[in-house]
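Readers should treat all values here as calculations from the given coordinates under stated rules, not as data from a laboratory. Quantities reported herein were computed from a predicted structural model and do not represent experimental measurements. Positions of Cβ are backbone-derived with ideal geometry, glycine not excepted, and every protein chain shown enters the neighbour counts.
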Amino acid sequence: MYVMSNNYKLDLNDLRTKLENADDVVIALLPFPSQKSSNKLMDEYYKIYSDKYTDIFDDYYIPEDTYWELPNWASYATSIAKRYDTNPRIWDASGVEYSKLMNDEVDIEGDVLLTSPLIQNYDLCKHIHDKDGITVIRGGVTTQEEYYEQETPYFSFELERITDPDYSLLSEVYPNPPLLRIASTEGCVFECDFCTIQNKDAIKRDFDKVEKWLQQYKEHYPDTRIFYLDNKTFGQKPDSLPKLHDLFEKYYDDYQLIVQTNHIVVDDNLIEIMKKMNVKVVELGIETLDKERLIQTDKTVIKNIGYDSYIENLIDTLHDLNDNDMFVIGNLIAGLYDTYNPDPTLDFMNEYSDLVYLWNIYALAKYPEAGYEYESHGEIREDEGKELTELLSEGIKLNKKR
Ligand code: SF4
């Protein structure tokens with residue numbers, strides 16, 4: 001087995017040494033355990049989710065047996081590996097059955113594997129790293145450091161801060177993605193305590209970097225039209241949006257946007273910008289309607305304006321977005337805290353379903369950084385919880401209705 005130093009946190013020089021000493025640097029696209037869900041409700045829900053999105057966008061589809069979205073981290077891994085004159089290649093194992101890799105039924109390619117930072121991949125990375133002659137290096141800053149013994153090396157910095165994306169390899173493996181993600185701000189102005197984005201100021205990205213990103217997209221994906229704007233709260237830095245609008249216009253003349261935001265920042269001005277930027281879908285982070293939990297999430301706004309005004313604002317925003325012909329997706333989370341009380345959320349779903357095109361139900365990933373002990377079974381299971389089951393059942397019923 002490749003013997004690592006005691007310190008598995010790699011700085012840029014360590015990473016460079018490991019890459020330069022490798023014979024075969026592979027950017028490994030590993031399957032997620034959750035790709036094969038054993039939860040029938042989840043399967044049914046994803047089918048509806050896919051159909052609803054396909055109805056909005058002619059070009060939308062969910063690829064079979066691979067990731068739903070382009071693994072953007074791999075473009076940065078490509079960039080950094082090329083910087084050190086290694087000749088990296090991509091090993092696309094995303095469609096391989098997770099259990100086959102865990103049971104050693106599939107040959108592993110490469111001697112140094114760069115993988116994504118996602119917590120879902122950790123057990124598999126560790127398993128592969130235990131094999132003779134293979135080093136797995138996980139990408140970027142991880143969130144689970146306090147909870148796992150670090151048994152695979154990882155780099156302690158975020159690649160996107162030090163390099164620009166390079167889609168030359170990824171575009172060979174994924175030539176035709178249904179949508180592309182891009183962000184012009186990072187962090188979030190709100191401070192929800194279950195969220196790993198919390199407590200970071202919303203920082204504007206350097207627009208030169210955003211432009212390089214768009215250039216890469218245009219070069220490798222000239223035909224993709226749908227962009228998912230990954231600014232966590234669209235409109236949190238409204239002064240940066242005109243410039244973003246100009247950049248999109250420069251590279252894609254008929255792009256369409258999906259944005260995510262919090263209803264509190266949506267006002268008439270933002271809706272005007274949304275229309276100008278061809279926003280078709282607005283994902284609203286509603287999360288829960290349970291008062292106690294909402295207060296517990298420590299949403300600063302609830303403290304400031306109070307629960308009742310917060311809900312009134314949500315309802316007004318649902319009306320405003322619908323009046324302006326945008327599709328609203330209501331994002332809800334099951335599993336917030338240990339209390340089980342989906343009733344207010346279910347009531348709200350029923351009352352306002354005419355204004356919500358798709359109820360999008362998440363199971364909360366309990367990241368250690370957000371103060372939870374994370375249980376890594378990786379997939380969303382049948383026994384995940386009564387709340388998830390109830391929200392999903394109601395979501396499926398209402399999503400089918402509309
Ligand atoms: S508004 Fe959304 S992105 Fe921002 S902290 Fe809350 S959950 Fe996270």
- For the stretch 334-351 and the stretch 304-333, distance of Cα centres in Å: 17 Å
- Average Cα contact separation per residue, the chain, under 8 Å, 6 or more apart, as relative contact order %: 17 percent
- How many angstrom lie between the C-alpha centres of the stretch 198-264 and the stretch 54-90? 18 Å
- Could you work out how far apart the two model spin labels at ASN324 and SER168 are, taking each label as a point 7 Å from the Cα in the direction of the beta carbon, and quote it in nm? 4.1 nm
- Message: Using the crude model of +1 on Lys and Arg Cβ and -1 on Asp and Glu Cβ, and no other charge, please compute the dipole size for the stretch 179-402 relative to its Cα centre, in debye to 20.
- Response: 680 debye
- Item | Rel. contact order, % - alpha carbon contacts under 8 angstrom, at least six apart, the stretch 179-402 | 17 percent
- Message: How would the stretch 145-304 be classified by its alpha-carbon gyration tensor: rounded, prolate or oblate, with rounded meaning a/c under 1.5 and the a/b versus b/c comparison settling the rest?
- Response: oblate
- Note on the structure: If every Lys and Arg gets +1 and every Asp and Glu gets -1 at its Cβ, then about the Cα centre the chain yields a dipole, in debye to the nearest 20, of 600 debye
- Item | Packing rank of 170-179, 248-257, where each peptide gets the mean count of other beta carbons within 10 Å, highest leading | 170-179, 248-257
- Most packed first (mean Cβ within 10 Å per residue), the peptides 123-131, 203-211 order as 123-131, 203-211
- Query: Can you list the lysines whose alpha carbon is less than 30 Å from that of LYS243, not counting same-chain residues fewer than 8 positions off?
  - Reply: LYS200, LYS204, LYS209, LYS212, LYS218, LYS232, LYS275, LYS276, LYS280, LYS299
- Task: Would you mind calculating the gained length between ASN176 and LYS243 on full extension (0.36 nm times residue separation, minus the Cα-Cα distance), in nm to one decimal?
- Result: 21.4 nm
- Residue (of TYR357, PRO242, THR339) at the positive-pole extreme of the stretch 179-402, dipole from beta-carbon charges: PRO242
- Query: Just checking the chain: which Cys have no other cysteine's beta-carbon under 4.7 Å?
  - Reply: CYS125, CYS188
- When we measure straight from the Cα of LYS100, which lysines land under 25 angstrom away, once same-chain ones fewer than 8 places off are left out? LYS36, LYS40, LYS126, LYS131
- Message: For the pair ASN278/LYS291, report the inter-label distance in nm, with labels modelled 7 Å from Cα in the Cβ direction.
- Response: 4.5 nm
- Message: Please state the shape class of the stretch 179-402: rounded when a/c is under 1.5, otherwise prolate if a/b exceeds b/c and oblate if not, all from the C-alpha gyration tensor.
- Response: prolate
- For the chain, shape from the Cα gyration tensor axes a ≥ b ≥ c, cut at a/c of 1.5 then a/b versus b/c, turns out prolate
- Which of the chymotrypsin sites (Phe, Trp or Tyr not before Pro) found in the stretch 12-116 are loop residues per DSSP with 16 or fewer other Cβ atoms within 10 Å of their Cβ? TYR61, TRP68, TYR84
- Which aspartates and glutamates have a Cα less than 18 Å from the Cα of LYS52, not counting those fewer than 8 places away in the same chain? ASP43, GLU44, GLU64, GLU69, GLU283, ASP325, ASP354, GLU394
- Item | log10 of Debye I(q)/I(0), alpha-carbon scatterers only, for the stretch 192-269 at 0.25, 0.26 Å⁻¹ | -1.35, -1.40
- Treating the angle as unsigned and between 0 and 90°, give the value, to the nearest 10°, between the Cα long axis of helix 73-83 and the longest Cα principal axis of the chain. 30 degrees
- Query: With each run of n ≥ 4 DSSP H residues scored as -39500 (n - 2.57), what mean residue ellipticity at 222 nm is computed for the chain after dividing by its residue count and rounding to the nearest 500 deg cm²/dmol?
  - Reply: -10500 deg cm²/dmol
